[in-house]
Structures are given as structure tokens and as C-alpha cells.
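One structure below.
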There are 2 protein chains.
Amino acid sequence: MTGSCADLYEIRMAASYLRRGMLGPATFSLFARKLPPQRGFLVAAGLADCLDFLQDLHFDDAELAYLGDVTRLPEADLAALGRLRFTGDVRAVPEGRVVFADEPLLEVTAPLPEAQLVETALLNFTTFQTAVAAKAARCHLAAPEADLIDFAARRTHGLEAARAVARASAIAGFAGTSYVAAAREFGILAAGTMAHSYVEAFPDERTAFRAFAADFPDTAVFLVDTYDTPHGVRTAIEVARELPAGSDIGIRLDSGDLGALAVEARRMFDEAGMTHARIMASGGLDEHELADLAAAPIDVFGVGTRMGVSADAPSLDSAFKLVEYEGSPVMKLSAGKRTAPAAKQVYRGETGQPDLLALRAEDPPAGREPLLVPVMRGGERMGETEPVSAARGRFERDLRWLPEAARSLTDPAPVEVRWSPALVRLAGEVQGSLKAKYGLSSVL
Amino acid sequence: MTGSCADLYEIRMAASYLRRGMLGPATFSLFARKLPPQRGFLVAAGLADCLDFLQDLHFDDAELAYLGDVTRLPEADLAALGRLRFTGDVRAVPEGRVVFADEPLLEVTAPLPEAQLVETALLNFTTFQTAVAAKAARCHLAAPEADLIDFAARRTHGLEAARAVARASAIAGFAGTSYVAAAREFGILAAGTMAHSYVEAFPDERTAFRAFAADFPDTAVFLVDTYDTPHGVRTAIEVARELPAGSDIGIRLDSGDLGALAVEARRMFDEAGMTHARIMASGGLDEHELADLAAAPIDVFGVGTRMGVSADAPSLDSAFKLVEYEGSPVMKLSAGKRTAPAAKQVYRGETGQPDLLALRAEDPPAGREPLLVPVMRGGERMGETEPVSAARGRFERDLRWLPEAARSLTDPAPVEVRWSPALVRLAGEVQGSLKAKYGLSSVL
């Protein structure tokens, strides 16, 4: 990905800053303005892609020629864009951590043109992956004992999204993914057996199951609903009897009343002495269906589209806002979109305590953990790309911290985020001076 | 993209078919099972990416090694996967055409392993891009006289999605995009001026506007809501007065009551003799807000997140189903997911007539146009990659054909899709023989 992975206005602004020598350090803060109503928390994700993007940022000659046509900028300005690389610092909440509205997920401090230019890419990676990780986490909360497998690849918004969904859901509690490219790239468990077409391509269901068991003796999981589920389960049991003792056997239910069918299938397997057979269910599931199926004897769920597009909240109201330029705090006063000035830090306490949003320059409060940590300095990553398991570990730890009210599937209440007195004071001062400057008697 | 851009079960099934010599021709049909409630029609999109994917399909050595670890398939089976290329035929509804539920967007006929393997990728490209094109089309219907600009890149599901959204919305009536990489790749108008940060980085708003107008005299569109919109409009007018006569000037409104602010801004511009100044609005818009703003004097809308994630219907209930294998029609009977057998064609008549879903083998009915056309033969594209304008032309033509009821923004009624008598007969026969084979007295 290159510099053209940006909105045109960012390139115009960056070029204008470069031409005017406005190269002072700027801090932009990336955060969600508010949570969707069905979310009690978010799960930070997307940082790895942000850092890859920043490390590689540049315009190639063909892009510069195109930008010359579009913007009519003179050669000297295009050449300045051509020399631009990301040389700044990034502080971020590590992936897997639980976060809330108003809390910066990431802060970029860099020469103004560089920091401006990366807005769209950083927002894109962070907004989407954080939204999906939160959705996946809710699925995990709804079925904490089951293995959840990401089945979303066929209906995510592109295959790059499928990759990101596999990774984000693995961070947020999923056991594996059906999407091979992502499983391979990230070392996630790859899962999947057969489709209805497999059953249909053989002369009958029994022949199909036998063929599959012969070819994949480690994964004899049969899809039983192509024609009639109870019939399919009986056939699965008969074919399973022909396999060596100790074979890994199971069925997948993909339509109908999954809970009732699972009870019936469990009974049939147990009566056949196959208590080790595993029952998998899939088909239009989300956290609410998973909660409804909590009592059903289902060991594995394939969770697809609704998780992978975060169907009830397919985006977050995220923002990437200038908060400081050349050492001075900055804010905007736009109706309903007022921002808080200056570089910040988020401090977290015990379960039940509000989070604290403070100025980065403040002394840290005692007994609280800062969430933002340095991840890039002078355009270079600090440390290696970490495995998914590292983020998964943070997620599991934060989930234990998360209060009950925020975990609710139906009526979640996020943890409160309080502003520090120093931040309140600074916001008042900056707002007051802007009001005076622009002759505003009141600000919405 | 390579063969690993698939779900694991597709690779398992393909390997099993290859090992068993099940290489007979299979036809899979890709369609939406039903439309989301808020959609009266879909707009076919995503075919170009499907064809690119098919033409390049292969597994490289590293993928095969990984698959050996995951599936424990012997070398000979992996080697067979390694030799696999897509050698089949594709018939598809060309991009930009209006389509409905049940109508195949695409049919693949190929040796069974190849056709099975491409399921996830083809579903992914087609489902997402068709969903977004339909959402964009509704925005265009809501504001047919305005120029709509895609502003979604920051919150689409990845940057590949941003690229697809720019293209799909350009097919479905948008005038341009803010996303530079896509504008450049597809020859779409690139649009964009300044962000709030630009205004904030200068000592004051007036200085910022002057700088911008100096650097981009062709695009003097000022963002006026950073501090106070009426103040911003006054400043914009004053700065515009300093520009050479005939300069292209305008403002962008991004918060507050866009309709009322646009009326006020229009009045101020007109009083200043700047009747040519253009007013742009943005901020959380979708087709419903656009319809509400129909009477406002707004010339250009930036339409972002809600269009780019198709917020009220972020996926379609799409399917890729085996309908024919080795010349025999195939169907599944799964509860609520029954499919129609055999390769098909869709015939369209005059406005007001139902579409006709027929067997491909039937004689075409008189006076109707077939929607599916050959696009790939023997694994090779038929013809060059077409420009976006070709799909846009089809969209505009189909939009004129589309009945009023299907265009409704609030309570749309899709065009009916009738099955031909021959299709009804064949489905009954196949279902009857399956019921007999599996001893089913009734099928849901």
C-alpha cells in the first residue's frame, strides 16, 4: 500500500503544509466518539496493519504523475510529496485490550504533513477491526464453553476483510477460522469439513460420508441436513461405526431448529455408544442465537456473516483529530463533534472504577495502569510484530476485569470514562480563547 | 490471490474429488436467496474481481506444504491440487444491471474440483459489491440531481473494501470518490478539499482559507464548521472576493442542521453576487437524509460510512449452490434453504412484467432479454476488462426500466421473479426422486 491509499483532501493538505514549511510536530488522536447502542465495550484491533502501513508510506512516480494531473500542483510540490516518509512516533492501546468511547486507541505525533496524510488508512484499519473484535467478543461471551469458528469469509467486505476478521475474532476469543489464507498467515487453527454440494455430488449421502471419512480420517465431521437431518444423523452413525475405534467423528447441523436437532442427535450418538462424537452448528448465528442455544448440547459453532460484518453495528463513529500542533493544544467546536485538546493518556483502575482520560503531560495517578504505550518511534516499530496469542492473552485478562454491566448482551452499560481535572481545565481554556477569537457568545 | 483464499472445506472437497477422479462438469449458481427488507432491487457488481481471481487461481509450493500439514493429505493429492487451474466457463449478469432475489448473478460450469474451490471468493466479491452498489443506487435515487461523492474510505471494512466501494458506487450513480487509489485505478473523478485540522493548523480560519485558495485555485472549497458555521461562511465569502473572477468557489458543511445552514449560506453567497458558489454537505448521510435534504440548495453531497458499509443491510443472504453435476440436475432440501435445480437463464421483459427464471436449456421466450451472458470460456476471459462507464451505462438504462414500487426508499417492492413451467416441473421431479430415495414423506 502506498500514499494513494488516502483521501484526496489529505494529500492536498499535506502538499499545502509542505509548500508552506508547516512541518512542526502535530499530534492526532484516534478514538470512537461513542459506542453503538448494542456495545458495552470495544476490543482494540488493527494496530498491526497501521504500523505496516506507516512503515511503508511513500508515493511512487506513477502516483505523483497522477496527483499532478488531479491537483495541478507544480513539480516542486510533487517532489516534496515524493520525498515524504513517515518519521513520527505512535503510542497506542495494544491489540486485544478492552476500550471505550473517547479513549484514544492511537496517537500519532509527527511532522504535520505526515500525520495528516495517514488519517484514512489508520481510521480504516482501526475502526473496522475494533468493531469486529468487539462483535466476536460478544459471541464468545454468549458461548464461553464452546469452540467458535469464524465462518465469515464468504460475506465479509472483500477478502482483505476476511483476513482481518479471522485475526480479530481469534484475538477476541474464537478458536479457529475456516479461511485458509488467514489461518496460514497468523497461525490460527484452520477448520472445515464438507458442503452440501459434496453430498450431492455422490450417488447418495452414505457414499459421500464414507468417501469423506476415507480421505480425512482425522476429521470425520459429516454435514447431515442436505436432505433430512434425522436421516443424515442415522447415516453418520452407521458410517462412523465402520471407522477405526477412537476416530474423531461428528456432525454439522446447518438449518432447522438447531437446539432441538442437537438434542436429538446427541441422544442418538449416546445411544450408539458414541459419547465422544462432537456436534457442530452453523447458519446465521450471532451472539443472541448463541445465547439462546446455551443449553443445547453443541460443542462447536460456526459463526459467520453477522459476526464478520458486525451486522448490528457495521461501523464505529470513529475520528482522527488534531489535538496539538507545535506544542499548542487544539480543538474544534463543530456542533455535536467537539473534541478534547492535547495529547492524552488513559488510566485504568480496578473493576468497577471509571477509566480516567488525562493529559499525557500529567503525572500518572497512583495505582492505575496506563493503556497507551509507545509502539513506533521515528518511523520505526518498537519490537517485532507480535503473534495473535499475545493480543488474545490481553483480551482474556481484560475480559476478567470487565464489569458485568458492560458484558450484557441485551442492554450493555459501558464503563464510565472521566476526564481528569487538568483536561477539563485545558478544554475550557482552549474553548474560551476560540470563542473570544471568533466572537461566539455560545458554543453548542 | 491464490488458492488459499478459500474456506478449508472447499480445499478438502476439491482434494477428495481429485483423488476420486470426480472431474465431471459441475454447474454452481450464485444468487441472493432473498432481498433485505429495505431493498427493492440489487445492482450486480463484483464480476471483474471474480474473473481476475479465476484467471489467476493456483496453489504455490508454500501453500501446498501448509495444506499438507493441516489436512494430512498424501503428496499425490497435494500435487494434484498444485496442478489445478480454473479451466471452466462462466456466465454472468454484467455489472451495473438491476437484479432480484433468486436470479443467478453468475453460473460457473467447470470440472467439479475447480468449481467447488472458488465458492468463497466468488461469493465474497459478488455479495459485498452487489450490496454496496444497491445502497449507492438508493442514494442516487434520493438525490438524482446532486453530485454524490463517495467519502467512505475511512470506515469501510479494509482498504480493499474502500477500493470496491468507490468502484461500485461509481457504477451506481455516484459522481466521484475521495479515495485516491481507487480514483486512479478506475478513472473515477477524485474529489476532496480540506479537513478541520487544516483550519486548526493555521493561526485562524481566514489565514487557512487564503492559504488553501492560493495553493489550489481550481478548488477553493472551504470547510466552514470548524468553529461556527455562519462565521465560517462569511469568512469564505470574504476570501472568495480576493480571488480572480471566475474562480471555482464553494463551501462544505459537515455538522449541524445541514438543510437550514445551506439555505442561509446560499442566501449569503447570492447576496454577495456569488451565485456560482457551490454548496457541499457531508456527515453521516444515507439515502433517507438525502431525501430529507431534497429541497435544500445543496449541489454536492459527500456520502460516507452508511453507504460504504451498506449500514442497514451490510450483507446479502447469498448462496453458491451446485445445481447440476455430470448432466444431472441437483438440489438440496434443507429446511428453509431449498434450491432450484439445473443451469438457468433469467429473461426480462417490459417495465411492469415479472422477470422469468428458466432453465438454460429452454427455448428463449419471445420479446425478452436474457440477463446472463458468457464472460469466461475455458478459463479465459471473453473480451477485455471493461471500464466503469460501461457498467454505469447499463445501470442508468436499467434504472429507467425499474418500476416505481421497487425504487421506493421506505417500503420497496421488488419485481416478481416467476419460475418457468419447465423449471417448476424439473424441481418437482428432482424433489420427488430425492424424497423417494431418502424415504421422506414430506419436505419442509
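The values are calculated or read from the model by the stated rules, or taken from the named source; none is laboratory data. Small disclaimer: the values here were computed from a predicted structure and weren't measured. Cβ placement follows ideal geometry from the backbone for every residue including glycine, while neighbour counts extend to all protein chains displayed.
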Original post:
How many of the residues in the stretch B:169-222 are in a helix (DSSP H, G or I) and over 19 Å from A:Ala65 (Cα atoms)?
Top reply: 19
Original post:
Given B:Arg392, B:Arg348, which one is closer than 24 Å to B:Lys34 by Cβ and assigned by TED's automatic domain parsing to the domain that holds B:Leu106?
Top reply: B:Arg348
Original post:
Any idea which residue in the stretch B:322-352 is surrounded by the most Cβ atoms within 10 Å (Cβ to Cβ), counting only those that are at pLDDT 95 or above and of a type in the set (Lys, Arg)?
Top reply: B:Lys344
Original post:
So which of B:Ala146, B:Ala182, B:Ala121, B:Ala162 ends up being more than 24 Å from B:Arg381 (Cα to Cα) and either free of Cβ contacts under 8 Å to residues at least 12 places away in the same chain or crowded, with 24+ Cβ neighbours inside 10 Å (or both)?
Top reply: B:Ala162
Original post:
Out of all the residues in the stretch B:135-162, which are assigned to a helix (DSSP H, G or I), within 14 Å of chain A (Cβ to nearest Cβ) and in contact with a Gly (Cβ under 6 Å, 6 or more places away or on another chain)?
Top reply: B:Ala152, B:Glu160, B:Ala161
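Conditions (1) touching a strand residue (DSSP E or B) at 6+ places or on another chain (Cβ under 7 Å); (2) closer than 28 Å to A:Val239 by Cα, marked per residue:
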site	(1), (2)
A:Leu258	yes, yes
A:Ala262	yes, yes
A:Arg267	no, yes
A:His288	no, no
A:Ala311	no, no
A:Ala319	yes, no
Subject >> Where B:Pro412 falls short, out of the listed (1) touching a helix residue (DSSP H, G or I) at 6+ places or on another chain (Cβ under 6 Å); (2) modelled with pLDDT under 95 >> reply: (2)
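Suppose the filter is within 11 Å of another protein chain (Cβ to nearest Cβ), more than 30 Å from the chain's Cα centre (by Cα) and surrounded by fewer than 19 Cβ atoms within 10 Å (Cβ to Cβ); does A:Gly68 pass it?
Taking the combined requirement at face value, the residue does not satisfy it.
Conditions (1) assigned to a helix (DSSP H, G or I); (2) touching a Phe, Trp or Tyr at 6+ places or on another chain (Cβ under 8 Å); (3) away from chain A (no Cβ under 14 Å), marked per residue:
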| site | (1), (2), (3) |
| --- | --- |
| B:Tyr227 | no, yes, no |
| B:His231 | yes, yes, no |
| B:Thr235 | yes, yes, no |
| B:Gly284 | no, no, no |
**OP:** Check the stretch A:308-325 and report whether any residue there is of a type in the set (D, E, K, R), under 15 Å from A:Asp254 (Cβ atoms) and not in a loop (DSSP other than H, G, I, E, B).
**Re:** no
Original post:
Do we find a residue being touching a His at 6+ places or on another chain (Cβ under 9 Å) and surrounded by fewer than 24 Cβ atoms within 10 Å (Cβ to Cβ) anywhere in the stretch B:7-26?
Top reply: no
Original post:
In the stretch A:315-340, how many are more than 9 Å from chain B (Cβ to nearest Cβ) and in contact with a Ser or Thr (Cβ under 9 Å, 6 or more places away or on another chain)?
Top reply: 4
Original post:
Which residue, of A:Arg381, A:Arg360, is closer than 19 Å to A:Leu423 by Cα and of a type in the set (Lys, Arg)?
Top reply: A:Arg360
Subject >> Qualifying position, being farther than 19 Å from B:Ala48 by Cβ, facing chain A (nearest Cβ under 9 Å) and modelled with pLDDT of 95 or more, among B:Val132, B:Val180, B:Val165 >> reply: B:Val180
Subject >> Boolean, A:Phe151 is among the hydrophobic types (A, V, I, L, M, F, W, C), touching a helix residue (DSSP H, G or I) at 6+ places or on another chain (Cβ under 7 Å) and modelled with pLDDT of 95 or more >> reply: no
Subject >> Yes/no for B:Gly256 being under 27 Å from the mean Cα position of the chain (by Cα), touching a residue at least 12 places away in the same chain (Cβ under 8 Å), at positive phi and surrounded by fewer than 23 Cβ atoms within 10 Å (Cβ to Cβ) >> reply: no
**OP:** Sort out which residues of the stretch B:190-208 are more than 7 Å from chain A (Cβ to nearest Cβ) and small (Gly, Ala, Ser), and write them in order of number.
**Re:** B:Ala208
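One line per residue, one yes/no per condition, for (1) facing chain B (nearest Cβ under 8 Å); (2) polar (S, T, N, Q); (3) buried (at least 23 other Cβ atoms within 10 Å of the Cβ); (4) touching a strand residue (DSSP E or B) at 6+ places or on another chain (Cβ under 8 Å):
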| residue | (1), (2), (3), (4) |
| --- | --- |
| A:Ser29 | no, yes, yes, yes |
| A:Ala32 | no, no, yes, yes |
| A:Arg39 | no, no, yes, no |
| A:Ala44 | no, no, yes, yes |
| A:Ala48 | no, no, no, no |
| A:Ala79 | no, no, no, no |
**OP:** Looking for whichever is buried (at least 22 other Cβ atoms within 10 Å of the Cβ) and farther than 18 Å from A:Ala136 by Cα here; the options are A:Ala277, A:Ala272, A:Ala281. Which one fits?
**Re:** A:Ala277
**OP:** Could you tell me which of the residues A:Ala358, A:Ala335 is in a strand (DSSP E or B) and of a type in the set (Gly, Ala, Ser)?
**Re:** A:Ala358
Original post:
Has the stretch A:397-412 got at least one residue that is without any contact (Cβ under 8 Å) to a residue 40 or more places away in the chain, of a type outside the set (S, T, N, Q) and either within 20 Å of A:Leu105 (Cβ to Cβ) or not assigned by TED's automatic domain parsing to the domain that holds A:Lys344 (or both)?
Top reply: yes
Original post:
Can you name the helices (runs of 4 or more DSSP H) wholly within the stretch A:1-104 that have at least 1 residues being under 21 Å from A:Val165 (Cα atoms)?
Top reply: A:47-56
**OP:** Might you let me know whether the stretch B:89-99 holds any residue that is within 14 Å of chain A (Cβ to nearest Cβ) and touching a residue at least 60 places away in the same chain (Cβ under 8 Å)?
**Re:** no
Original post:
Looking at A:Thr177, A:Thr193, A:Thr156, which is the one that is hydroxyl-bearing (Ser, Thr, Tyr) and more than 19 Å from A:Ser310 (Cβ to Cβ)?
Top reply: A:Thr193
Subject >> Residue satisfying condition, being touching an Asp or Glu at 6+ places or on another chain (Cβ under 6 Å) and of a type in the set (Ser, Thr, Tyr), within set A:Thr109, A:Thr71, A:Thr87 >> reply: A:Thr109
**OP:** Six or more apart or on different chains, Cβ under 9 Å: which pairs go from a residue in the stretch A:416-428 that's touching a residue at least 24 places away in the same chain (Cβ under 8 Å) to one that's among the hydroxyl-bearing types (Ser, Thr, Tyr) and in a strand (DSSP E or B)? Could you list them?
**Re:** A:Ser420/A:Tyr347
Original post:
Among the residues of the stretch A:412-439 satisfying the criterion of being within 14 Å of another protein chain (Cβ to nearest Cβ) and not aliphatic (A, V, I, L, M), which is farthest from the chain's Cα centre (by Cα)?
Top reply: A:Gly439
